[in-house]
Amino acid sequence: MADTKSRGAFGLRTPQAVGERASEHKGRTLTVPGLTLIGIGGIIGAGFFLGSGLPIHMAGPGVLVAYLLGALITAQVVGALTSMAVQHPASGAYQEYPAKYLGRFAGYMQGWTYYLTSLLTIASEAVAMAVFVQLWLPNWPSLLLAGLFAAVIVVVNAFGVRSFERIESIMSVVKIGALVGFIVYGVVMLWSLRAGGPHAAFPATHGLPTSFLPNGWGGVLQSMVVVIFAYAGIGVFASVTSEMKNPRDIDRAAIWTVVALAVMYIASVGFVLWLVPWQSISTHASPFVAALRASGATVFATVFNAAILVAAFSVMAGALYSANQVLISLGASRDAPRQVVPSRHHRTPWVALGASTVLIAAFLILSTLLPANVYSFLVSASSYFTFFNWLMLAFSFLKWRKQPGAGPRFVSKLAFGQPVSTWVAIVLLIGLAGYSVVQPDQRVGFYAAVGIGALLAALYFLVARRRAEPHRREDF
């Protein structure tokens, strides 16, 4: 028999019930520093360290405006998520809130698109790591290396939330340390030039632009399609909110996370633009490493390469953790097989972890069997799902605000100016997604996203909705 007391009118396990279940399994163990480090660790990845050259190439120095606008949009989305999470902590928040406030189908689409996006991210990061490590181990097959890296992440997640927090915090410290170290190095270089120190021979105008917007505002808009994904790892932040000792501390951690990201992104990219002419930055190598080598810091450049590997590991660990939490939430609402929901006696969600492991392995095999451009389209399609996921969270927040409740609701400081600012963020997200469609090199990824979305919708009406019918009748 179903536990009807813990379910909503449509057979969905309520966020309170899922949050209570998560607490029964793991206990509320996270603190503000721990959640902040997990949040930063889940967002800063190899994609930023390696891929920031692409938006720089598109916008030139104007990319700094893109990173600032990206931070403001992220603040609104995280603020919306945090506001709901304080009142209803849920381990599968990314899926639970759209399901609760926008309907079962919205929650289903939100959960599965986020889940697949997370697994594609893990596979792509593992492949990127394998290519990078082959510089040191050229005789090792890339599929074997990628599989080993993915296996390590599966083992890390098998230890539970306490070990996850500890390991993720260590990796976050390494990434933050590398980025802060780069910023400090830039400050020292700048001070040395002004003081006539040992770096005075380095041209003071080496990387200074002749125009802040060499490609106009169109270049800034085009770069934002890429920049927004530098902030796209907030799913980790959503998945661990039910583990906070004090739910209201979620907002403090969210503020620290967004502010720290914005400062580090803008400052580090700003020093790259100063140290290296933006026109010479390659889209196939890390601009940070190029800037360090250009300024003579070859040893630091090698250290930074190692930090890129740590960044990839960190993103993979966080993505798998949050993906499993969302899959469990889907199982609780009968939008995924019920077996993925762990029993009260098991700390680790072994079935969900096993299913995710099988899919990651399948994606890794596809990465070697499919032509490179076809697999790239699948990965880029997941980027459009990020726009979809963020829009669903924003709309859920707007609907949540109108729900009747006892007393005033807690609203995150990051959602400043809501609801007007929330609508502005929605319009910007839709506009950016639409603008990317007119770009020839990004259009195919959009078509792939539409195809995957249509397949998921068909499976909902053919399988998931029918499977939940007896479950809903029990609740009524």
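The values are calculated or read from the model by the stated rules, or taken from the named source; none is laboratory data. The structure displayed is predicted, hence computed values, not measured ones. Neighbour counts are summed over all protein chains in view; Cβ atoms, including those assigned to glycine, are modelled from backbone coordinates with ideal geometry.
Worth a mention:
- Taken across region 432-441, residues that are more than 28 Å from H88 (Cβ to Cβ), among the β-branched types (V, I, T) and either exposed (fewer than 13 other Cβ atoms within 10 Å of the Cβ) or touching a strand residue (DSSP E or B) at 6+ places or on another chain (Cβ under 6 Å) (or both) do occur, with at least one present.
- Residue check, L378 modelled with pLDDT of 85 or more and either among the aromatic types (F, W, Y) or surrounded by fewer than 24 Cβ atoms within 10 Å (Cβ to Cβ) (or both): no
- The numbered conditions (1) small (G, A, S); (2) surrounded by fewer than 24 Cβ atoms within 10 Å (Cβ to Cβ); (3) under 30 Å from I266 (Cβ atoms) are all true for G79 except (2).
- The criterion of at least 2 residues that are within 17 Å of the chain's Cα centre (by Cα) is met by the following helices (runs of 4 or more DSSP H) wholly inside region 41-148: 46-51, 63-87, 93-102, 104-133.
- Filter pass, Q134 being buried (at least 24 other Cβ atoms within 10 Å of the Cβ) and either free of Cβ contacts under 8 Å to residues at least 40 places away in the same chain or touching a Gly at 6+ places or on another chain (Cβ under 7 Å) (or both): no
- Yes/no for R338 being in contact with a His (Cβ under 6 Å, 6 or more places away or on another chain) and more than 21 Å from M171 (Cα to Cα): no
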